[in-house]
Structures are given as structure tokens and as C-alpha cells.
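Novice: This is the structure I want to talk about, given as C-alpha cells.
None of the figures in this text is laboratory data; all of them are computed from the coordinates on show. The structure displayed is predicted, hence computed values, not measured ones. For neighbour counting, all protein chains shown are included, and Cβ atoms are generated from backbone atoms with ideal geometry for every residue, glycine included.
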Amino acid sequence: MREKWVTAGFLLLSVAMLSSCDRVKERSSGSDYDQSETAADALFTDTWQTEIGTESGTETEYNPDNELVESPESESEVSEIIQESGDTRIPDQSETEHKHGMLPEETESREGETSGPFSSVMDAIQKRETSGEKWALAYEDLNGKDTYGYRENEKMQSASVIKLFIMGAVYRYICYPEKTDPVINFGESYSGQLRDVIEKMITVSDNDAANRLVEALGQGDFDTGKKRLNQFCREEGYTNTSLGRRFMASDLSEGDNYTSASDVRKFYMDLYEGRLVNEEASGKMLDILKKQTLTSKIPAGLPEGYFSGNKTGEMPDGYGLGCIENDSAIVFAPVTEDEKTSPGYILVALSNDLNGENEQAQAQIRDLSEKVTSWYQSGEKNETSGQQ
């Protein structure tokens, strides 16, 4: 019975997404879009009513993404299960031309010098790694001149950082579909707001919202939505990012959820430069990230006058899904009077296999954020750049 109304809820949510997007015209040029809110991710009159479980109730109290939170909905709240229509076939990897000429398995991790923005913390990071922890770091100045990484291409357990890519796929396939995309059409509306659901997934790291959006990408089927998300990641060049399981599920038979520091850095730069889907969609996604409420790591290390949009991810020990502390942010610096100062930078810190030391890893990421900002302010960034 529960399976029936959950399926119905997901199908009907997809209707809201379709209505919200109003079958926006293809992405080929900005002039083709209806710029009104109703054309892309417009808010519906009614809010999405479902109470949903979040990744973290507070900055220090976990509600991890494998903890199932029951929905208060009942079967009577769903009017009917609507049959899906249209071609839902997802091209497999061999059918998809990879834009960047590299498939995920061809990506190699790289480890090198410890100079640049990470130099002052590398002793501490590498000391932590001697106890079995895994760390990956990535940095890029928003002017595109300074790029650094430490094990940046290594696949890491993403926890909720992968929700960034779910947001991107929803905007790509649902809000700004191309003519060749399958039509998502279920016929009836659902009481909810597409943008509200996306915001819940990002700003409070809501797991149920993330699952619903993946279901919507698959026209009501999670596995189909997962394939579409992974297709999106391949096409956009996020070669180490893949979704293997739904949030709140501990079954790893088809793999876990992964990303790399370089993929996350690229995602933020694509947003900043307006390349992800299109300039309008990139701006909308960036606005959502700036509303983040989980700010105890990278944002907590920023000085006065700086602000950020970020997406965190964590998993405490004891759930069989690893022990993880991740954070990623696009950081905006104050504009100087001469307006010659770079506008800011992107910082990504991923840490896995923490052996229960989540709080220590959080403190390490805050310290990293403080020291990267100090390095950024020092002007040293104008003298040296490279890959670590």
C-alpha cells in the first residue's frame, strides 16, 4: 500500500514540474525562452506539503541520508496513479558521446606539489591520512587564472554533495528540455512547487526531496531517473560523478554515490560562467545555493565581508555507508574601490573514511577555509598557480 501511494506521489510531483516548466523551448539561445517564472521553475500557488527528513537537523546533530523518515501522506491524498507516456529510454554510456573525450574510468587521480592555497594545511591533512582517512581538495580563482588540486580527480563518496548534480539535471531535462528529450507528461497537476522542492534538497539537504526529484527525472521510476542523472554527468564532463543508490537506502549492490573534487569545482565554475544548461538556469541555481542553511564548515571560516553559496555532505560512522565530511562552496570576496580585486574563488574539500572523527574533520575544513582565504588575500595567487 505504501509503495502505491509513494509511486503516485512521485508521478504527480512530476506533473507539477512539467506544468512549472511549461515545456520551455530548447536551450539553443536565450531569446528562445519565455523569461517568466511560469516558464522555467515557477512557484505554484500551493506549497509542497510533505514533511521530509533532512541530512542534518542542526549543524552538529545528524539525520544521515540512510535514516528513513516516514512521510505523513496517506493514500487518500493522492487522487490517482497516472500512467506515464513518451519514450523513457535512456541512452547507455556507449550511445552517449562524451563531450570531453574521457569516460569516468579513464580519469586518473593526480597527486603532486603542496604549494599554493593548500600549503599551510597539507601537513595536517597528510597526518590525518596516515590514520587511514582520504582527503581531496580543489581550488579555482573565479577569474580562471589560478587552479589547484590535491587528489582532485580521485573518486570520493559524495554524501549529499551529489545533490548539486541532481539540481543541474532537473534544470536541464525538466525546466529547459531540448527538442530531442523525452516528453514528461502525466496529465494532472500536483500540489507543490518545483523550485520549493529543489530548495529543500539544497538548502536543508532534504533527502526525500532528492529522491523525489530523481524519480521525476525517470518519470516516476528511480532507476530510470538515476540513469538520466548519470547521463547528464557524462555529457557535462563530470566524469567521476555517479548516483548508485537512493538517499536513505543502505543497499550498495549497485554502488554508492560518488564525485570528485574536480567535478564539483567544475560544476561551480559552470554555474558562475553561465554554462550549465544556460545563463538563466545557472543564475537560478546559484541563487538557491546562496540560501544555504548548513554553513558550519567552509562558510564558517570566511572573514567578514565575504559570502558564499555552498553544498555540504556528511555521514557519521555506524550506518555502513562510510564516515564522511564534505563541503563545497563558491566564495565571493568584497569588491575593492579600484574594482581590480578578483571576485572570489571556488573551494572543495572532500574527506572519507574518518573513523568516527567527524567533528575533527569539520574543524579541519574550517581551518582550511580560513587559510585559503588568507592566501587569497595575500596576493600570492598572482605569482604562482598549478596542480598539486
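Novice: Only counting other Cβ atoms within 10 Å, I'd like Tyr345, Tyr306, Tyr176, Tyr319 sorted with the fewest neighbours first.
Specialist: Starting with the residue having the fewest Cβ neighbours, the order is Tyr319, Tyr306, Tyr176, Tyr345.
Novice: Here's something else I'd like to know. If a/c stays under 1.5 just call it rounded; otherwise compare a/b with b/c (prolate if a/b is bigger, oblate if not). Do that for segment 196-339, with a ≥ b ≥ c from the square roots of the Cα gyration tensor eigenvalues.
Specialist: Here segment 196-339 falls in the prolate category.
Novice: Separate question: For segment 160-176, just list the computed ³J(HN,Hα) in residue order, Karplus coefficients 6.51, -1.76 and 1.60, θ = phi - 60°, integers in Hz, with x standing in for Gly and Pro.
Specialist: Running phi through 6.51 cos²θ - 1.76 cosθ + 1.60 with θ = phi - 60° gives 7, 4, 5, 5, 4, 6, 4, 4, x, 5, 4, 5, 5, 8, 9, 7, 10 Hz.
Novice: Something else: For Asp206, list long-range residues whose amide hydrogen, built 1.01 Å from N in the peptide plane, is under 5 Å from its own amide hydrogen.
Specialist: HN-HN under 5 Å from Asp206: Glu55, Met201.
Novice: Right, next: Where does each of Met156, Met122 land when they are ranked from fewest to most other beta-carbon atoms within 10 angstrom?
Specialist: Met122, Met156
Novice: Going through the cross-link list Lys155/Lys284; Lys163/Lys226; Lys179/Lys200; Lys134/Lys297, which pairs have a Cα-Cα distance over 24 Å in this structure?
Specialist: Beyond 24 Å between Cα atoms: Lys155/Lys284; Lys179/Lys200.
Novice: Here is a follow-up. Counting other beta carbons within 10 Å of each Cβ, put Ser282, Ser262 in order, fewest first.
Specialist: Ser282, Ser262
Novice: Could you calculate the contour length gain from Ala249 to Arg275, that is, 0.36 nm times the residue separation minus the distance between their Cα atoms, to one decimal place in nm?
Specialist: Taking 0.36 nm per residue and subtracting the Cα distance, the gain is 6.1 nm.
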